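Asker: Please read through the structure below; I'll follow up with questions.
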Amino acid sequence: MSESIKSSVLRLNDLLPLKARQDRHVPAFRALHRAVIMSLVVRGRPPSRAEIAAQVGDMQVEAALARLANDDLVVLSADRRNILGAYPVTSEVTPHALEVNGHSIHAMCALDALAVSPLFDCPVSIRSHCRVTGDAITIRQHGERIVDASPARVQVGVRWQAPSGDSAAHSLCTEMVFLKDVDVAAQWHGGDGHNHSLYTLEQAVAFGVDYFRPLLDATAADA
């Protein structure tokens, strides 16, 4: 991993420390968090309340949802009774549509979209658009390999800002975007290297994998 990617992962963890938040939960809630991500990718939907109850127990469903949501590890429905998403994926409609395992889901942001295929070692098709021009962007990916991308020189841009409101999904994530080419990316960047970062698709894949993979890795403490 390059020093620039290491620096980016550290910076994102400072703003949105998902792994540190996950680690402070009891093993059952950590396992549920991983199960939510896996269910969305493998089955195309989050686990139902009945499935959550089967995992954590009937009496712990509300506590599990509340505690994970309070740490922004999951995004809940407006009535806070059901899980909608867990970074990097969601059942909410976003600009970043994914076709994975025969299902249609969405990613929270451009960075998240590129992390799914390598995290789960499966083919993923991404449909999105350029944040500046609105032009369609399509990417096919298998693992860490970009199979093809249209346009060919798509970039990923991150405007660094602290999460606000109810979740990073509805704030910080909206500023992690696809840009159609190098020229448009430079326009979006505006020479502001402190608040804006640009990545090739390959760099963005490495960034996303290094940020998200620890969330899916069970440890001895989870046994």
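Asker: Which value in nm describes the separation of the simple spin-label points at R80 and R213, placed 7 Å from the Cα toward the beta carbon?
Answerer: 3.6 nm
Asker: Using θ = phi - 60° and the Karplus relation 6.51 cos²θ - 1.76 cosθ + 1.60, list the HN-Hα couplings for region 140-154 in order, rounded to whole Hz, with x at every Gly or Pro.
Answerer: Using θ = phi - 60°, the values come out as 10, 9, 9, x, 7, 8, 7, 6, 7, 9, 9, x, 6, 10, 4 Hz.
Asker: Can you list the HN-Hα couplings for region 34-45, worked out from phi with the Karplus curve (6.51, -1.76, 1.60; θ = phi - 60°), rounded to whole Hz and with x for Gly and Pro?
Answerer: Working through the residues one at a time gives 5, 5, 5, 4, 5, 5, 4, 6, 7, 10, x, 7 Hz.
Asker: Note down the net charge around A63, summing +1 for each Lys or Arg and -1 for each Asp or Glu among other residues with Cβ under 15 Å from its Cβ.
Answerer: Values: positive: R24, R30, R49, R67, R80, R81; negative: D58, E62, D71.
Neighbour charge sum, excluding A63 itself: +3.
Asker: At a 10 angstrom cut-off on C-beta neighbours, averaged per residue, how do the peptides 93-99, 110-116 rank from highest to lowest?
Answerer: Numbers: 93-99: 19.1, 110-116: 28.4.
Top to bottom by mean Cβ count within 10 Å: 110-116, 93-99.
Asker: Would you mind checking the tilt of helix 61-70 against the longest principal axis of the Cα atoms of the chain, expressed as 0 to 90 degrees and rounded to 10?
Answerer: Helix 61-70 sits at roughly 30 degrees to that axis.
Asker: Output the lone cysteines of the chain: those with no second cysteine's C-beta under 4.7 Å from their C-beta.
Answerer: C122, C130
Asker: Something else about it: Using Cα centres only, tell me the gap between region 1-42 and region 50-69 in whole Å.
Answerer: What the calculation gives is 19 Å, centre to centre.
Asker: Could you tell me which residue out of Y199, S171, A78 lies farthest along the dipole of the chain toward its positive end? Charges go on the beta carbon: Lys and Arg +1, Asp and Glu -1, centred on the Cα centre.
Answerer: A78
Asker: Before rounding to the nearest 500, sum -39500 (n - 2.57) across all DSSP H runs of length at least 4 in the chain and divide by the residue total; then give [θ] at 222 nm in deg cm²/dmol. Don't jump to the answer; show the numbers that get you there.
Answerer: Details: 8 runs with 89 residues, N = 223.
That calculation yields -12000 deg cm²/dmol at 222 nm.
Asker: Projecting each Cα onto the charge dipole of region 92-215 (Lys/Arg +1, Asp/Glu -1 at the beta carbon, about the Cα centre), which of A162, V93, H142 comes out farthest on the positive side?
Answerer: H142
Asker: Another question, then. Of A35, A69, M59, which is farthest along the charge dipole of region 17-86 in the positive direction, counting Lys and Arg as +1 and Asp and Glu as -1 at C-beta?
Answerer: Comparing the listed Cα positions along the dipole, A35 ranks first.
Asker: I need the shape label for region 165-223. Rule: rounded when a/c is under 1.5, else prolate if a/b > b/c, else oblate, with a, b, c from the alpha carbon gyration tensor.
Answerer: Because a/c hits 1.5 or more and a/b exceeds b/c, region 165-223 counts as prolate.
Asker: Between V26 and R140, how many nm apart are label points set 7 Å from Cα along the C-beta direction?
Answerer: 4.7 nm
Asker: Another one. Which number comes out as Rg/Rh for region 56-138 once both Rg and the Kirkwood Rh are worked out on C-alpha atoms?
Answerer: Working: Rg = 14.8 Å, Rh = 14.0 Å.
Taking Rh as the inverse mean 1/r over Cα pairs, Rg/Rh reads 1.06.
Asker: So, counting K/R as plus one and D/E as minus one, what does the shell of residues with Cβ under 10 Å around H103 add up to? Don't skip to the end; give the middle numbers.
Answerer: On the way: positive: R43, R45; negative: E99.
That sum, taken over residues with Cβ under 10 Å, equals +1.
Asker: Can you pull the one-decimal nm distance between simple spin-label points at Q161 and A54, each 7 Å off the Cα toward Cβ?
Answerer: 4.1 nm
Asker: A further question follows. May I ask you to derive the relative contact order of the chain, considering only C-alpha pairs under 8 Å and at least 6 residues apart, and to give it as an integer percent? Working shown, then result.
Answerer: Details: 412 pairs, mean separation 42.0, N = 223.
Here the relative contact order equals 19 percent.
Asker: Using only the Cα atoms of region 102-152, build the gyration tensor, take square roots of its eigenvalues as a ≥ b ≥ c, and label the shape rounded, prolate or oblate: rounded if a/c is under 1.5, else prolate if a/b is larger than b/c, else oblate. Mind dumping the intermediate values first?
Answerer: Numbers: a/c = 1.97, a/b = 1.51, b/c = 1.30.
It comes out prolate by the Cα gyration axes.
Asker: Something else about it: Express the relative contact order of region 107-223 as a whole percentage, based on alpha carbon pairs under 8 Å and six or more residues apart in sequence. Intermediate results must be reported in sequence, preceding the final value.
Answerer: Details: 198 pairs, mean separation 34.4, N = 117.
The value is 29 percent.
Asker: Hey, what's the per residue convex hull volume over the C-alpha atoms of the chain, in cubic angstrom? Walk me through the numbers on the way to the answer.
Answerer: Details: hull volume 26.1 nm³, N = 223.
Convex hull volume per residue, Cα atoms: 117 Å³.
Asker: Dipole of the chain, Cα-centred, from +1 at each Lys and Arg C-beta and -1 at each Asp and Glu C-beta, to the nearest 20 debye? Each step should come with its number before you reach the end.
Answerer: On the way: 21 positive and 25 negative charges, 49 e Å.
So the magnitude is around 240 debye.
Asker: Taking the alpha carbon gyration tensor of region 17-86, what are the square roots of 5 times its eigenvalues, largest first, to the nearest whole Å? Working shown, then result.
Answerer: Details: eigenvalues 48, 38, 31 Å².
Working from the Cα gyration tensor, I get semi-axes of 16, 14, 12 Å.
Read-outs throughout are calculated quantities, based only on the coordinates presented, and are distinct from any laboratory measurement. This structure is a prediction, so every number in the text was calculated from the model and none was measured. Note that each Cβ is placed from the backbone with ideal geometry, even for glycine, and that neighbours are counted across all protein chains shown.
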